[in-house]
Every structure is written in structure tokens, then in C-alpha cells.
Number of protein chains: 2
Amino acid sequence: MAKPLYVLILAGGSGERFWPLSRKSRPKQLLSLFSQETLLEATLRRLDGLVPANQILILTNADQESSVRALCPSLPKENIIAEPAKRDTAAAIALGAGWIAQRMPDATMIVLPADHVIKDTASFQRTLRVAAAAAEETGELVTIGIKPTWACPGFGYIEQGAPLQLADGPAGPPVFEVVRFREKPNAELAESFLAQGHFRWNAGMFIWTIRSILSAFQRHAPELGEFISRLHAGEDFAAALRNHFPQLPKISIDYAIMEKATRVLVVEAAFDWDDVGGWAAVAKYLKCDDAGNHGNCDVKMIDATNNIVFTSEPRTVALLGVSDLIVVQTPDAILVCNRHEAEKIKQLVAMVPPELQ
Amino acid sequence: MAKPLYVLILAGGSGERFWPLSRKSRPKQLLSLFSQETLLEATLRRLDGLVPANQILILTNADQESSVRALCPSLPKENIIAEPAKRDTAAAIALGAGWIAQRMPDATMIVLPADHVIKDTASFQRTLRVAAAAAEETGELVTIGIKPTWACPGFGYIEQGAPLQLADGPAGPPVFEVVRFREKPNAELAESFLAQGHFRWNAGMFIWTIRSILSAFQRHAPELGEFISRLHAGEDFAAALRNHFPQLPKISIDYAIMEKATRVLVVEAAFDWDDVGGWAAVAKYLKCDDAGNHGNCDVKMIDATNNIVFTSEPRTVALLGVSDLIVVQTPDAILVCNRHEAEKIKQLVAMVPPELQ
């Protein structure tokens, strides 16, 4: 019989790539980029019918806590936690695992980023059910693999091995052994991954039983394992969060656990997926004209090609004789950026007054 | 003894070149481009001590009338007139001449644009006094010539002839005969004008006695001359404005009078002068960095050169990897324009919603 599912949503990202729309207090997951709904709300909505609200934990930070609480009224108050320090994904997941272990040590845990775009909710849930069944049947760590649509050098990759036949479980996408995790490749290697056909994007979604992840932490990252064990044993959660969490090692779950685990499984995502990595990725959700200009507002153009225009308030934006620009308006700041240099937006953010960061 | 001076300020321009800051109801002369003062207010201020407020007439249009009245509280109500139709400068000057003729047929009339930047008020007034003295002594039409600082193809030119020794008059800049008026030259001809040294920019400033301009209109533009004569003879001004003015020929004062007059004099401007023809011309009044970027606000930049940034409200504007742009923010519209294509802004204005024009 299936174990109870708990979901940890990691919602503490900083989202500088969407500046000036994003701010420290309003990162990507709290933005409504192409609908009325924020990405965090959409992430919660996709869990409707899969996991009850009281089995969903959101980790955020102090800057964003009040916004997150306002957006997620269906969650019990104690299911939204602001991390007192930024400790990367391994510590965040250890904290989430400890929180779940205090409630239901026999649970299966799903870890999800808060800021991805996935439209096909039914396939998303079907994929997670298969992953949970695989995690429960095998006791292994399970991840979701996204089939690459292009040779993106910006993602970590999962090299997929032999398919695995589960004895029992729901109908859905196939499960494979993971040969190994590969860090972000250079452009050439990314092309090779794409051509070989059995590499998948690592989307940062994980599924495992609480027992399995505790055991993996104890083996590969003992300090984090100890942190979970003490919570499991009944240590006061608020005190652990306040006193011990800020001292935990700052390391990603990929480095701390996934790359070291002896056996990991990957379920092929049966759903559409987009991590919307920056303004250029938003373009495809906006209106487009024949000259490749995208906008979410009233844009008037002469001799303009391949521009992206986004305003946070209703505005007319006029473009004249310009190409390949990202133009973003907010009530207090305006960005005009060459779309081929958008990765430097982070540097710009460091230059603006603190209240605009 | 010097005749009383009356000034006609032509303040009916549309100023599309400063869109989106400028609108039909707020053209260039009503903008505060680089100080708290609008260009119209500065024009009025430059007349302090030269002409009393009740001898200054401002011609504007219905769209701008209320703004003009609000900016010029020192003028009697009847000294601000909204033209009921756009009839170009010859008709506007005829209207102004008629208005003055009804009050003081023996006056000397000065015609000034409302939207130029002149900082040296003392030299400006000295130049006008010399021009008025020349107009009164000779009975000729007098204009002001601006010494070109570069081979601008965007202005009409005045070819300056022999110097004229006035019998009597205030100390100030020299007076010359005008050989002829030259229309806007091509780039090559403009270079030649600059090299020859005796060509001057026609800045649209004129000085003449009411008798002289009436006589010139009667000879070269009889329909306009008749219009002035009837006002001079006592026709009701409001009725003439409403009924006859809209029927007057639409022609510039240069075509109608100046190019046809047998003898015109030119006084060399002893003052600085800038017509601030568009955003690029505003740049030199704004803060500038080492990479040629100009701005009136908080501008943060990476890899940005030679840009102009103007916001109508306090804003941070971030530029990344862009060059030669004009970026203008207003509460309801934003312009991002290649500075080498700024002459097309007029076409853009025609494309935006009427309330933004």
C-alpha cells in the first residue's frame, strides 16, 4: 500500500534574472509573468488531488515570507517556514525531511522547485505517482528527467541507463537506472548529450522515502544526517531551525547526495516543462509580431526586430530602430538590456540602490 | 526717441520630437527639459526689463491654452490668445501685428519663438535693442542671425552682406544687409555656408515697426495685409479671430515676406542660442559619464555607450550592453529609440493611442 506523500517546495530563490520585476522580496516564484497566477501558486495548484495541503511544506526566507503566506492561505501556518540563513538545497532538504519525519516517518517525500512552468497537471501527477511507487518499491532515491529539446549548457544532465521494470505501481512513464549525474556541460558536450539521446535535464525534482533520504544523508553527508536524526528523535523544531540550521554546511543536494549515491533512479517526465530561466525565456509566452518582437503590453514599433517588452503596469512602449533588446518597466525602475548580455543582469542588480535590489 | 516695444511670442508648436514627454497639449515650449522652468517661462523671463508684461502677446492654440495661462500669470488675460486654427507663422504674425496695431500703431514689434534656449539674457536684450533701433531708423525688416557652430542642414540660413552703420542707436552687435535667405541646405551646401563664414542661422526672430510689417504684408501677401489693416481700422478682434483668421493662407513668414522683401537687415546675435531640436540636443544639458551616456536620473550601466536617458519622474534606469539609444520614461509611455533614427519619432506618435499623442 502506498505511503503518505509529503511535498517540500523550495521557494527561497533570489531570481535576479528577472530584475527589475523581481526583487529580493519578490523573486521569480512570486512573479506573475504570463498569467494572473504566480509560479508558486501554480506549483501548489498542480498538487491539488495528489497531496493534501497539510502535507505540503514551503521553505522560503525572511524577505519573502509574508508574500508567500499571503499567496498560500490554504496551508497551515506551520507549513510555511522561513530559513534563518541561506544554506543551499542539501540543508533545506534535510530541514524538510526532519519536519516530515516528526509527523510521518513512514512518508514518501517529494521535493519540487517553486518556479517552474508545467502546464499538463495530469501528466505531472502521473509522473510523480510513478516516481513515488518506484521509491517505495526499491528504497532508492528517484529523480525526474526532462527530455532535452535543445543542447542547453545551462542545466545539469542525468545520464540514463537501463530501464527498470517495477513489480507493481501505477501506469505512467518509464523508470530507468541513472548511470551518473553530469554537471553543466560546455556547448559541445551539450550537443553530444542531445545527439546521444539518453541524457535528461536535471530539473531538481526528487522523490524518496524518509527512511531512504535519512540513510543517504547519514552515509554521504553525516552532519546533515545527524540534523535530520535529531529532529526525527523529537528535538524541538523551532530551536533546531534557529540554532543548528544556520551552521549546516552550504552545499547542493546534487553534490552532497545525488552524485554520491550508489543507485539512483530516474523517471522520464511525461509533462511539458520550462524553468523560464530569464527574460528571453518569457518571450514565448507573450504576444509576438512578424518581426519577432514580443510584448505583454501596447507596443508600437518602427524598424524594430526581435525585442522583448514587459511592463508591470499598463503602458505604451514605443520602439524605434532597435533590435534584440529586453525592455522592462516597473513602477520604480526600467531595464534596457541587450538580450545577448542578459546574464549580466545580476551584476546590474548589485549596482542599484538597495531598495531596488 | 525709441518707439514702444511689443513682443509677439509664437507658442503654438506641436513638439512631437520630444515625445513621449511632449504631447499635443504639452509641446516643447511647455516642457521643463533641464531646469524647473519651462522654455516658455524662460522666454518670458528674458524679456524682464525690456518689455512690460502688458506689451507681450502670446499666441498658442486651444490644446495648450490653459497650460500657457497657468504658466504666465503676469500677463493680462487678453494677452494670451488661442488660435482657432493652425495657419503657420505668416498668419500668426499678421494676427499679432493687428493686435498691436489696435493698441499702439506706432510700436515696434519683436517676434520670438517660445522654445529656444538662450542663457545670456543681457546680451539677448542688447541685441534686440540694436535690432529695434535699426528697424526704427531704417524702416526695414530686421532679423537676428545666429553664427553657425556647425554645418547644420536643419536650419534656414541668412546670407549676410555689407555692414550697416546706423546713425544713432544703442551699443551692441553689428548690423548687416541681408543678401538673401537660403532654405535648409543639403549637407554639402551647409559645409560651404559654414566655410564661407558670412552665413547665419535663421532663428525665426524678427523685429520691425508695425508700419513696416503692415506695408510688407500689403505688398507681398495682400490677403494678410488686408487682415491687419481691418484690425488696425478697428474691426472687432474676437470676431476677426473667429471668422477670418481660420481662412487666412497657410504660409510661413519666410516664404510670405522675408524672401520677397527688397531689403532686410540682420543683427548678429551677441548671445548663446540653442533651438534644442530633439532628444539628442538635450543630451548636453544632462549629466554625462566617460562613455558618453547622458541622463537626468539615476542611471546604472554595464557596457553602455553614448545613450541618452530622460525620466519625467524619479526612476532608476539600468542599461546593459546597449549603445546610441534614447530612453525616455513618462507616467504612461516609454520610448526606446535609436538616436540615429530620432527623426522618425513623429511617425511613432501617429501610431500611439490619441490620448498619448
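Since chains A and B are linked by a rotation, which residue in A has the beta carbon closest to its axis, and how far is it in Å?
A:336, 3
Within 10 Å, count the other beta carbons around each residue, average over each peptide in B:170-182, B:136-148, and list them highest first.
Going by the mean number of other Cβ atoms within 10 Å, highest first, we get B:136-148, B:170-182.
Across 10 Å bins from the origin, how do the percents of Cα pairs in region A:78-183 run, short distances first?
11, 37, 39, 13, 1
Estimate the FRET efficiency between residue A:357 and residue A:37 by the formula 1/(1 + (r/R0)^6), using the beta-carbon distance for r and 22 Å for R0, to the nearest 0.05. Numbers along the way, then the final one.
Values: r = 25 Å, r/R0 = 1.14.
According to the calculation, E is roughly 0.30.
From the Cα gyration tensor of the protein assembly as shown, with a ≥ b ≥ c the square roots of its eigenvalues, which class applies: rounded if a/c is under 1.5, or else prolate if a/b is larger than b/c, or else oblate?
Because a/c hits 1.5 or more and a/b exceeds b/c, the protein assembly as shown counts as prolate.
Defining the label point at 7 Å along Cα→Cβ, can you sort the distances from residue A:161 to the same site in each other copy, shortest first, in nm?
Distances to the matching label points in the other copies: 10.1 nm.
Give me the one-decimal nm value for the distance between modelled label points at residue B:45 and residue B:350, 7 Å along each residue's Cα-to-Cβ direction.
Distance between label points: 3.7 nm.
Tell me which residues come under 5 Å, amide H to amide H, from residue A:145 once H is placed; ignore anything under 5 positions away on its chain.
A:267, A:268, A:269
According to the Kirkwood expression over distinct Cα-Cα pairs, how big is the hydrodynamic radius of region B:180-308, in Å?
Kirkwood radius, region B:180-308: 19.1 Å.
From the label point of residue B:353, set 7 Å along Cα to the beta carbon, how far off in nm is each other copy's matching point, shortest first?
The answer, with the shortest distance listed first, is 2.9 nm.
Between region B:198-257 and region A:149-205, how many Å separate their Cα centres?
Rounded to whole Å, the Cα centres lie 82 Å apart.
Over chain B, with a Gaussian network built from C-alpha contacts below 10 Å, which listed residue (B:115, B:275, B:168) shows the highest mean-square fluctuation?
Per the Cα network of chain B with a 10 Å cutoff, B:168 tops the list.
Shape call for region A:5-268 from the C-alpha gyration tensor, a ≥ b ≥ c root eigenvalues: rounded (a/c under 1.5), prolate (a/b greater than b/c) or oblate?
Rounded, since a/c falls under 1.5.
Quick one, can you get me the convex hull of the C-alpha atoms of region B:279-356 expressed as volume per residue in Å³?
91 Å³
Would region A:142-233 count as rounded, prolate or oblate if I go by the C-alpha gyration tensor, calling it rounded below 1.5 in a/c and otherwise prolate when a/b exceeds b/c, oblate otherwise?
Oblate shape, in that a/c is at least 1.5 and b/c is the bigger or equal ratio.
Take every DSSP beta bridge whose two residues both sit in chain A, then give the antiparallel share in percent to the nearest 5.
Restricted to chain A, the bridges split so that about 50 percent are antiparallel.
Over its Cα atoms, what ratio of radius of gyration to 2.2 N^0.38 Å does region A:98-148 give?
On the way: Rg = 12.6 Å, N = 51, 2.2 N^0.38 = 9.8 Å.
The value comes to 1.29.
What net charge is computed for the residues neighbouring residue A:252, neighbours being all others with C-beta under 13 Å from the C-beta of residue A:252, Lys and Arg scored +1, Asp and Glu -1?
Values: positive: A:86, A:87, A:184, A:250, A:260; negative: A:88, A:183, A:254, A:259.
Charge balance near residue A:252 sits at +1.
Evaluate E = 1/(1 + (r/R0)^6) for residue A:120 and residue A:70, where r is the Cβ-Cβ distance and R0 equals 30 Å; express this FRET efficiency to the nearest 0.05.
Taking R0 as 30 Å, the efficiency between residue A:120 and residue A:70 is 0.60.
How many nanometers, to one decimal and shortest first, lie between the label point of residue A:137 and those of its other copies, if labels sit 7 Å from Cα toward Cβ?
Spacings between copies for this position, smallest first, are 11.0 nm.
Where a number appears in this text, it was derived from the coordinates with a stated rule and is not lab data. Predicted model, so just to flag it, every value in this text is computed and none were measured. Glycine gets a Cβ as well: all are built from the backbone with ideal geometry, and neighbour counts include every protein chain shown.
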